[in-house]
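Quick notes on the structure that follows.
We did not get these values from a lab; they are worked out from the coordinates using the rules stated. These numbers come from a predicted model, not from an experiment. As a convention, Cβ positions derive from the backbone with ideal geometry for all residues, glycine included, and neighbour counts pool all protein chains shown.
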Amino acid sequence: KRVAVLISGTGTNLKSLLEATHNRGDIMRAEIVLVVSNKHNVEGLNIARKAGVPTKVIDHKNYESRTSFDMALDKVLSNYGIQLVCLAGFMRILSGEFVSRWRGRLVNIHPALLPLFKGTHAHKQALDAGVRITGCTVHFVEEGVDCGAIITQESVPIYPRDTEDSLCERVKTGEHKAYPRALELVATERVKLDLDSGKLVWT
Ligand SMILES: Nc1nc2ccc(CNc3ccc(C(=O)NCCCC(=O)O)cc3)cc2c(=O)[nH]1
Ligand SMILES: N[C@@H]1O[C@H](COP(=O)(O)O)[C@@H](O)[C@H]1O
């Protein structure tokens, strides 16, 4: 599968997906052929360049509406013959129109055990709730935020002295396991999204 990874920042998930597909691309049936960022000069773009992967920056400030931004994004993905889109720290909400076009071929990683702690500041929500275990979730993207069918999850302990930063770092080690595993499951079509029920189907 020709895969595009969408980023907005540091790109550590991109890095783990690049390593996984570089080392086991044949088994995973996935090749990252494009990296798109909505922000200039982010570390993830350097990671892509070092890996020799084409990059595109689509700055949402250049578009007067969410729809026109999403249309520009869709055009680039289509031009590259993209078959699967991975959101990895991509911080723009995608329009319902874009999601319906890519539904079942669009996945995201969230830094909490969904359905707990949706939205932004997931680590702060977990610390404030006083939970002892958190983690990350890779899910299919739906129009609603952080509510699509769950593909993989990894659990991570929370320690008494944890801060948002220490917790973010520990959760990311779980993300770098969960995302490559999820990409392999989706790219090899061992899991699919049932478009009618919105549920995960194991083939
Ligand atoms: N439709 C759909 N699109 C998404 C786009 C990105 C992410 C990544 N996780 C995200 C979760 C939340 C946000 C958020 O609320 N940001 C503040 C508003 C930013 C903006 O104005 O765009 C962004 C990304 C998830 C989704 C999703 O679950 N569904
Ligand atoms: N979607 C969330 O945004 C962060 C991206 O980190 P990175 O992959 O850019 O390092 C990760 O914590 C991920 O769960």
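For Ser37, list long-range residues whose amide hydrogen, built 1.01 Å from N in the peptide plane, is under 5 Å from its own amide hydrogen.
Here Ile7, Lys56, Val57, Ile58 satisfy the definition.
For region 124-171, calculate the relative contact order in percent as a whole number, restricting contacts to Cα pairs under 8 Å that are 6 or more residues apart.
That works out to 38 percent.
Once phi is turned into θ = phi - 60°, what whole-Hz ³J(HN,Hα) does the Karplus curve with 6.51, -1.76 and 1.60 give for every residue of region 135-150, x standing for Gly and Pro?
x, 9, 9, 9, 9, 5, 8, 10, 4, x, 7, 6, 10, x, 4, 7
Using a Förster distance of 35 angstrom, determine the FRET efficiency expected from the C-beta separation of Asn79 and Asp128, and round it to 0.05.
For Asn79 and Asp128, the calculated efficiency is 0.20.
Simple spin-label model, 7 Å along Cα-to-Cβ: Cys168 to Leu116 in nm?
Here the answer is 2.0 nm between the modelled labels.
Applying 1/(1 + (r/R0)^6) with R0 = 25 Å to the Cβ-Cβ distance of Met71 and Cys147, what FRET efficiency is obtained, to the nearest 0.05?
Between Met71 and Cys147 the formula returns 0.55.
Determine the sum of side-chain charges near Leu127: Lys and Arg each +1, Asp and Glu each -1, restricted to other residues whose C-beta is under 10 angstrom from that of Leu127.
Net charge around Leu127: -2.
Could you name the lysines in cross-link range of Lys192, using Cα to Cα under 26 Å and dropping any fewer than eight places away on the same chain?
Of all the lysines, those that pass the test against Lys192 - Cα under 26 Å, at least 8 places apart if same chain - are Lys1, Lys15, Lys75, Lys118, Lys172, Lys177.
Report the extension gain between Glu19 and Asn46 in nm, rounded to one decimal, defined as 0.36 nm multiplied by the number of residues separating them, less their alpha carbon distance.
8.3 nm
Rounded to whole Hz and in sequence order, give me ³J(HN,Hα) for region 112-124 from the Karplus expression 6.51 cos²θ - 1.76 cosθ + 1.60, θ = phi - 60°, writing x for Gly and Pro.
7, 8, 4, x, 6, 6, 6, x, 7, 6, 4, 5, 5
Just to confirm the number: angle between the C-alpha axis of helix 164-187 and the first principal axis of the chain, 0 to 90 degrees, nearest 10?
For 164-187 against the chain, the angle is about 50 degrees.
Using the per-residue mean of other Cβ atoms lying within 10 Å as a proxy for protection, in what order, highest first, do the peptides 61-70, 98-107, 135-144, 185-194 fall?
Ranking the peptides 61-70, 98-107, 135-144, 185-194 by packing returns 135-144, 98-107, 185-194, 61-70.
Output needed: percent of Cα pairs per 5 Å distance bin for the chain, bins running from 0 to the one holding the longest distance.
1, 8, 16, 20, 21, 17, 11, 5, 1, 0
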